[in-house]
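One structure is given here, and the rest of the page talks about it.
The values are calculated or read from the model by the stated rules, or taken from the named source; none is laboratory data. For clarity, every value in this text was computed on a predicted model and none was experimentally measured. Here the Cβ positions follow ideal geometry from the backbone for every residue, glycine too, while neighbour counts run over all protein chains shown.
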Amino acid sequence: MLNVQEMNPADLNLWEENPRINDHAVDAVAKSIEQFGFNVPILCDQNHMIIAGHTRWKAAQQLGLRTVPVIQLEMTETQRKAFAVADNKTAEIADWNLPDLEKILSQLVAEELDLVTLGFSEAEIEGILGPEHEIDWSRFEDGDYKKSDNRFVFLKFKIPMTLEKKLKEMMIEYAKEKGLSGENDAEIYGSVMINIFGLNSG
């Protein structure tokens, strides 16, 4: 049985080589902790090095918490690093069932719960619960793209600024997995879109 103990966050060591970029998530996690409490313990090894829970640790520091729940595990350095990466990677695998998610979020809104405390941005909430908008495809005309030469055009579309880096990273990773290439980033991104939609670029 795992033993949960209360520890001062200052007594835990942050893994400085952690490849997971999490600073942008700290505010959301802090709001969640304020709303629901610190219900998911931080995992650390026998040397108090954090294995899983770096974002929760940063949120605790931000909130000025004097103690946090911690589970201490005996692990080698290799095991600690491998588990830390696996813990973050496996969390990315699952997807949302959007109709079910919309139903649950609607119920929570009816109960006057602030959905921001769940980690969703205002833009995401609007996208899930906001009214459907009729798309005016007539705007997708000559004025919405420009030709780069006789073979390519640059299409314009908008994404939330907060997703720019993540989208680029995902497209580059997809291109690597599928062996897609191009003379520049724009061609690579275009190849990714063509491949995703099953189009023939010939």
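Observations, loosely collected:
- Flag for ARG66 being touching a residue at least 40 places away in the same chain (Cβ under 8 Å), of a type in the set (Lys, Arg) and either within 23 Å of THR117 (Cβ to Cβ) or surrounded by fewer than 19 Cβ atoms within 10 Å (Cβ to Cβ) (or both): yes
- Answer residue from the stretch 1-27, given it is at pLDDT 90 or above and either among the aromatic types (Phe, Trp, Tyr) or in a helix (DSSP H, G or I) (or both) and is nearest to the chain's Cα centre (by Cα) among those: VAL26
- Only listed residue being of a type in the set (A, V, I, L, M, F, W, C) and within 30 Å of PRO131 (Cβ to Cβ), chosen from PHE36, PHE83: PHE36
- Filter result for the condition that a residue is modelled with pLDDT of 85 or more and not assigned by TED's automatic domain parsing to the domain that holds HIS24, over ASP114, ASP149: ASP114
- Meets criteria (in a helix (DSSP H, G or I) and either in contact with a helix residue (DSSP H, G or I) (Cβ under 6 Å, 6 or more places away or on another chain) or surrounded by 12 or more Cβ atoms within 10 Å (Cβ to Cβ) (or both)) for VAL40: no
- Odd one out for TRP57, checked against (1) exposed (fewer than 13 other Cβ atoms within 10 Å of the Cβ); (2) closer than 28 Å to LYS166 by Cβ: (1)
- Matching residues, the stretch 85-109, being among the acidic types (Asp, Glu), out of contact with any helix residue (DSSP H, G or I) (no Cβ under 6 Å at 6 or more places or on another chain) and over 30 Å from TRP15 (Cβ atoms): ASP100
- Residue check, GLN46 modelled with pLDDT of 95 or more and over 22 Å from the mean Cα position of the chain (by Cα): yes
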